[in-house]
Amino acid sequence: MPLDDHISVAAPATVANLTVGFDCLGLALERPLERLELRRTTRPGVIIASIHGCDGLPMDPERNVSGRAAMSALEALGVDWGVELTIHKAVLPGSGIGSSAASAASAAFGVAALAGATLTSEQLLPLALDGEQVASGARHADNVAPALLGGLCLVTPEGQVDHLPAPDWHLTVVHPQTVIETARARSVLPTQVALGDALGQMARLGHFVHCCHTRDAQAAALALEDVLAEPHRIPLQPHFRGIRQAAMDAGATAGGISGSGPSSYWVSLSASTARAVGEAVSAAFTSHGMEHHVHVGRVAERGAHVLEN
Ligand code: HSE
């Protein structure tokens, strides 16, 4: 079968940590979706033709998240052609909903799709992580894994990914229009934690995983607590306590900081409650004169995928 010369792919925004699983849990959102167009070139290598929706991102493929992931994918596939990328940023850098992961996942997946190659998730993940590393300096897979694979992912420090049955949740994600760099949000974390805190967190994470398998959406939401990272990061988040109060008063069951912030996510057990939570958090940010975007939806089953023309 002849290969396409052009392909459009998308990858979802993601919520990492999910409060209870710092650096090891992440889920894919239905929206926003990042879009990437790839065009095959006879000349090997990667060219970034244009970037839409975000100013100031590097056009040098070595320094660009999508560019770097595409380079790694071309190299891994051993093809003798190259790609030209047109990047449509819908997930902004420093938002806490996996901007670099969506870029990296769409690029690694897109090159494989353009080559007609079916790579396993174990093969794709390190290629996308090459891109993620350009942005964050680290190879965290808690955003990249769900951006690539969809659903709810548990990632070990060695990079092994387990798909968990996603709880039947309705999610409200609110993104205040400000930037928190992940490196800054990590710099406020302690390098050591008390044994009791580590044990408590381990038990909560274990309980959360159990609740996913028993399909108990409410108990899974009630397990979302964190003593390791979130308390140290709250002072960095704009109006976090007021937003949490507004979300809980509107009926959210649980929630917290999304990734390293400034976005937050709120879990509801019905679509109408998730919408009411969206209105409440929106009103709270508006009362502070803070621009923000609200996304209401489910856990996306699909990660990176080809878009039909
Ligand atoms: N787990 C990461 C953090 C998310 O919270 O710093 C960003 O990769």
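The values are calculated or read from the model by the stated rules, or taken from the named source; none is laboratory data. Since we're looking at a predicted model, the values are computed, not measured. Don't worry about glycine lacking a Cβ; one is built from the backbone with ideal geometry, like all the others, and counts go over all protein chains shown. These accessible areas exclude ligands, DNA and RNA; they are computed on the full protein's heavy atoms, side chains included. Shrake-Rupley method; radii C 1.70, N 1.55, O 1.52, S 1.80 Å.
What the table below lists for this structure:
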item: For the chain, calculated [θ]222 nm from helices alone, where every DSSP H run of n ≥ 4 adds -39500 (n - 2.57); result: -11000 deg cm²/dmol
item: Three-way shape label, the stretch 170-298, alpha-carbon gyration tensor, a/c 1.5; result: oblate
item: Helix 195-213 axis, angle to the chain major axis (alpha carbon atoms, nearest 10°); result: 70 degrees
item: Cα gyration tensor shape of the stretch 163-234, rounded if a/c is under 1.5, else prolate or oblate by comparing a/b with b/c; result: oblate
item: Antiparallel %, DSSP beta bridges [both residues in the chain], to 5; result: 85 percent
item: The chain: angle of helix 99-114 to the longest principal axis, Cα-based, in degrees nearest 10; result: 40 degrees
item: C-alpha long axis of helix 271-287 to longest principal axis of the chain, angle in °; result: 90 degrees
item: Accessible surface of the chain, 1.4 Å probe, proportion on carbon and sulfur as whole %; result: 51 percent
item: Distance (nanometres) between label positions extended 7 Å along Cα→Cβ at SER287 and GLU301; result: 4.0 nm
item: 14 Å beta-carbon shell around SER8, net charge (K/R +1, D/E -1); result: -3
item: Most fluctuating residue given options ALA104, ALA271, ALA141, as computed from a GNM of the chain linking Cα atoms under 10 Å; result: ALA271
item: Contour excess over end-to-end distance, with Cα ends at ALA271 and THR191 and 0.36 nm allotted per residue; result: 24.9 nm
item: Selected from GLN177, GLN160, GLN192 as most flexible by GNM, with the chain as the system and alpha-carbon contacts under 10 Å; result: GLN192
item: Solvent exposure of the stretch 170-298 as accessible area per residue, Å², 1.4 Å probe; result: 47 Å²
item: Ranking by accessible area, most exposed first, for ARG40, ARG184 with a 1.4 Å probe; result: ARG184, ARG40
item: Accessible area expressed per residue, the stretch 6-164, with surrounding protein chains retained (probe 1.4 Å, Å²); result: 36 Å²
